[in-house]
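Participant: Mind having a look at this structure? Questions to follow.
The values are calculated or read from the model by the stated rules, or taken from the named source; none is laboratory data. As the structure is a prediction and not an experimental result, all values here were calculated from the model. Every residue, glycine as well, gets a Cβ built from its backbone with ideal geometry; the counts of neighbours run over all protein chains shown. The area values use the complete protein model at the heavy-atom level, side chains included, leaving out ligands, DNA and RNA. Shrake-Rupley method; radii C 1.70, N 1.55, O 1.52, S 1.80 Å.
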Amino acid sequence: MEGFTPIDMTVLIVYISLIAWIGSRFGKDQHSPEDYFLGGRKIPGWAIGLSVMATQASAITFIGAPGWGFEGGLERLVTFLNVPLAMIVLILVFVPVFHRAGIYSIYELLERRFGPATRTLSALLFLIARGLATGVVLYAPALVLSVVTGWSVNLTIIIMAVLAISYTVLGGMSAVIWTDVIQMFVLWLGALMSIFLLVTSLPGGWSDVLTFGAQSGMFNAIDLSFDPSVTYSLWAGLLGGLFLHVAYFGTDQSQIQRVLSSPSVLDAQRSLLIGGYLLIPQMLLFLFIGVILATYYQQHGLTPPEDLNELLPRYVVNAFPTGMAGLVIAGVFAAAMSSLDSALNSLSAVTVRDFYSRYIRQGASDTHYLKASRLATVFWGLYATLFAFFAGNLGPVIEAVNQIGSWFYGALLGTFLLAIFSHRSNARGAVAGLITGMLAVWSVSSLLEVSWLYNNTIGVVVSVSVGYLVSLTSAAPRAEQLSDVIIEETAPDMQAVLAARSANAPEIGREARLTRRRCIGLLVWFVVMLGLLALLQRWANG
Amino acid sequence: MAERLTLSRQLDAHAARRRLGRLGATTLEPAWMGLWAAPLGMTGKSPGAWLLGAKEMQRALLLTGAELPVQVERPDTGIQLTGATAPTPEATQRLWLWERMAAPRLWRIQALDTPPTPVWLPCWLGYRAGRTHQLTVISGLSGEVLSMLKPLVLAGLARAHGHTQAGNEKTLPAG
């Protein structure tokens, strides 16, 4: 038990300074515009994908998932088992529509399709939901700082908020993809090292973990119960979780922003593919650490901390060799900063684009809008800080983020599905669907015993059904309102043009279609993961 | 009005065939899209990149490089797709503002106060005949899929088809 030594503190300061230096060297101080643009284009796709993953979940996964695993073993993996399927839906449905529409904020699509009220309402929902979730993301590094220094969490939340807001207002560094990649590897290194140190400290090593895990049912990842009140049944994970992740990755501006900024549809797909393949193994890794920690605590007769989010940071600080603890804690900090920077940026961008420049100050100068976006960053930083004070009561941070989203995003997803698939639905139906969808989620979650994983499914079903039925009470949308969601070439006269041109164009020859291959790959990955979990469970139960 | 410059095609037929084949197209043809290039750069310095767009486009395409990769020759083989209108300088400035809001690291780069240059952008059009005929547009510069250009390309193809048909009707013997 070495604790957080001055050497660790030095490593932490050097690492953060180094990352900040890389950020300012490669992110802000280039001398020609070409450097900015080429900088992005020289980076391989896998690095961009890892960077997306790093901004999405790395710090809260590191902090929250081991607590989740400690409490419930691998059963909560079903929440993420659907991610490859969700990515298929995004690749096939959302990415092509969003990309073709040429939009900066996805809520613009809703305005073109349904009018300004739907855009304003949906953007507002995003701001409320993402602002709350940012509070949880802020809480995560504050907790780590509290473990390292011994200060109260409320004080460290304020310190972290000041750091995160100043850092974002000054320019941030989320654009520097390599720093995100480094952080991702540091966190994975930390996870693997925790496993190594934990397992070697057990007298029986791996066999102790496997025996304890099997005896305490921690490897029972697949629960086939049809009871909707069972939170982590396979069906809740597949049906509820699928809608959860499609909604989370497809209708939250902070998540889809990089997809919208990708130069092409294929690049956008690639960044989703990395998440589709890596999120399950990453979650499995951190949940497994939770199982190993449970074995460790049981064997050493230790009492776990009241807040299970502290489990892994506490272990890292106490058990890691001098210097390594500093490195891993620094990785958590830097990753959290990257997530906060990205979230605050998207919150301020939506505030300025969807509200300020439309309703408050139209046609102002660039400098004015820059100032407005900085003020918006400060506002959302304060909003998130207020919520961060309560985040500790929400259980594992990773579940808290998803639960907050599940109150809002189901109805939002339903509205996007109506916009894309129902050419009869209109503005009246969309607003009615959005509001009733959300009310349905809140009513069901407060009145009935239903797994929170179904919240998004309820939101989608209610908003789509009500939205469609209410749409029938008023006129169908005009043709130009459908232009973003109808594939232009399907019009009969256009088909004749394409047939004529195609008949006179040289042939290419048959090759496998890339998008189809990518989707099949994700489907196979889902089946392999499900099969592996079933095998593990079967072995654990003899 | 300034003469329309021709950007040189960097993706040859072989590479385009491979690229479009991976995307499911079964036939392909070269095309040229008439657009406008607005220079981007630091104030008081020469351009470092270009914003390619038209009034009808919601978002512009980004082309890096201090100079436009132009060729002396006019567009050779391939259909020329016209009909797009020039964006106003104010629209270009605003378009670039939102691009910078979406990617804050681009903040220091500005749309320079120079009128946009009309250009021919080389493209490759891939066709796929299934239950319906589908079109894929890729850039003749980089090979990237240009979904945002599709409405303009379809409108251009329809216009060209209309002209061809009108021409055929004219040449038919009366009676």
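Participant: Among the residues of the range B:35-45, what is the count of those that are more than 9 Å from every other protein chain (Cβ to nearest Cβ) and modelled with pLDDT under 85?
Facilitator: Qualifying residue count, the range B:35-45: 2.
Participant: In this structure, is B:Thr82 surrounded by fewer than 19 Cβ atoms within 10 Å (Cβ to Cβ) and in contact (Cβ under 8 Å) with a residue 60 or more places away in the chain?
Facilitator: yes
Participant: Within the range A:191-212, is there a residue that is within 30 Å of the chain's Cα centre (by Cα) and not in a helix (DSSP H, G or I)?
Facilitator: No; the residues of the range A:191-212 include none that is within 30 Å of the chain's Cα centre (by Cα) and not in a helix (DSSP H, G or I).
Participant: So, one more: Which of (1) at negative phi; (2) at pLDDT below 90 is the odd one out, the single condition A:Ile128 does not satisfy?
Facilitator: With (1) at negative phi; (2) at pLDDT below 90 applied to A:Ile128, the lone miss is (2).
Participant: Which of the residues that make up the range B:64-85 are at the interface with another protein chain (Cβ under 9 Å from one of its Cβ atoms) and of a type in the set (A, V, I, L, M, F, W, C)?
Facilitator: B:Ala66, B:Ile79
Participant: Which of the residues spanning the range B:129-149 are closer than 26 Å to A:Val93 by Cβ and modelled with pLDDT of 85 or more?
Facilitator: B:Leu135, B:Thr136, B:Val137, B:Ile138, B:Ser139, B:Leu149
Participant: Suppose the filter is part of a helix (DSSP H, G or I) and touching a Ser or Thr at 6+ places or on another chain (Cβ under 9 Å); does A:Leu110 pass it?
Facilitator: yes
Participant: Need pairs with beta-carbon distance below 8 Å; first residue more than 7 Å from every other protein chain (Cβ to nearest Cβ) and open to solvent by 10 Å² or more (accessible area, probe 1.4 Å) and within the range B:131-150, second outside any helix (DSSP H, G or I) and among the polar types (S, T, N, Q); sequence gap 6+ or separate chains.
Facilitator: Final answer for the pair search is B:Leu141/B:Gln10; B:Ser142/B:Gln10; B:Leu146/A:Ser264; B:Leu146/B:Ser139.
Participant: Let me ask something additional. Consider only pairs whose beta carbons are under 6 Å apart and that are at least six residues apart or on different chains; among these, list those whose first residue lies in the range A:346-371 and is over 18 Å from A:Leu260 (Cβ atoms) and whose second residue is surrounded by 14 or more Cβ atoms within 10 Å (Cβ to Cβ) and modelled with pLDDT of 85 or more.
Facilitator: Filtered contacts from the range A:346-371: A:Tyr356/A:Ala372; A:Tyr369/A:Val352.
Participant: Could you count how many residues in the range A:142-159 are at pLDDT 85 or above and either open to solvent by less than 30 Å² (accessible area, probe 1.4 Å) or part of a helix (DSSP H, G or I) (or both)?
Facilitator: Final tally of qualifying residues: 10.
Participant: Right, here's the next one. Can B:Ala91 be described as within 13 Å of chain A (Cβ to nearest Cβ) and without any contact (Cβ under 8 Å) to a residue 60 or more places away in the chain?
Facilitator: yes
Participant: Further, regarding this structure: Is it fair to say A:Leu266 is in contact (Cβ under 8 Å) with a residue 60 or more places away in the chain, within 14 Å of chain B (Cβ to nearest Cβ) and either touching a helix residue (DSSP H, G or I) at 6+ places or on another chain (Cβ under 8 Å) or acidic (Asp, Glu) (or both)?
Facilitator: In short, yes.
Participant: Further question on the same structure: Restricting the search to the range A:73-128, which residues are hydroxyl-bearing (Ser, Thr, Tyr) and either more than 16 Å from the chain's Cα centre (by Cα) or open to solvent by 30 Å² or more (accessible area, probe 1.4 Å) (or both)?
Facilitator: A:Tyr104, A:Ser105, A:Tyr107, A:Thr118, A:Thr120, A:Ser122, listed by residue number.
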